[in-house]
């Protein structure tokens, strides 16, 4: 059995995340979705991403994100194991995502390329898929839409009812 992994904050999960999950599963038997910033203490400032550690960029708890991911994955007909993945503690990574997992990272910016390098340095095989920043679905834009309701078409339909209760 071959294992794929995709890491991210998933604040919230959206269609491009699901596309990456499907891509990984097309090449492997199983998928681990590794949720970064699993708790507020697991956040750190990154030179290549000025916002990823802020409260505003992390409105949902790990538990809430697992629920959102579970709904989105099931609705898309995808199967995965969802685990916490604290990027600040590489010494514990293998306890959550085995070292034989093949990581997939879609890179839109320097941050994703940096994350891929961190994963490689941690002993993982990593495939970086170039993303076109012009078509990137940005979770920041989705979160901005929480105020005016424009977020609903930007997330998987299965997550809308739960997101409504969380907002």
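All of the numbers you see were taken from the coordinates with simple rules; none came from a lab. Since the structure is predicted, the reported quantities are computational estimates derived from the model, not experimental observations. Here the Cβ is made from the backbone with ideal geometry for all residues, glycine too, and neighbour counts use every protein chain on show.
If I build a Gaussian network model for the chain, linking alpha-carbon pairs within less than 10 angstrom, which residue out of 156, 133, 59 has the largest mean-square fluctuation? Most flexible of the set in this elastic network: 133. Between the helical axis of 15-27 and the longest alpha-carbon principal axis of the chain there is an angle of about 30 degrees. Sort out for me the Cα centre separation of region 115-133 from region 139-167, rounded to whole Å. After rounding, the separation between the Cα centres reads 28 Å. Could you give the angle, 0 to 90 degrees to the nearest 10, between helix 62-76's Cα long axis and the longest principal axis of the Cα atoms of the chain? The angle comes out at about 90 degrees. You can think of it this way: the chain between residue 146 and residue 166 has 6.1 nm of extra reach, that is 0.36 nm per residue less the Cα-Cα gap. When DSSP beta bridges are restricted to pairs lying wholly in region 3-160, around 5% turn out antiparallel.
Using the beta-carbon distance between residue 121 and residue 29 and R0 = 25 Å, what value does 1/(1 + (r/R0)^6) give for FRET efficiency, to the nearest 0.05? Write out the running numbers ahead of the final one.
Working: r = 26 Å, r/R0 = 1.03.
Efficiency at R0 = 25 Å is approximately 0.45.
When the chain is treated as a Gaussian network with alpha carbon springs shorter than 10 Å, the biggest mean-square fluctuation among 157, 26, 134 belongs to 134. On C-alpha positions alone, give me the angle between the axis of helix 110-121 and the longest principal axis of the chain, in degrees, nearest 10. The helix 110-121 is inclined about 30 degrees to the chain. Every helix of 4 or more DSSP H residues in the chain counts as -39500 (n - 2.57), and over all residues that averages to -9500 deg cm²/dmol at 222 nm. For region 3-160, averaging the sequence separation of C-alpha pairs within contact (under 8 Å, six or more residues apart) and dividing by the residue count gives a relative contact order of 29 percent.
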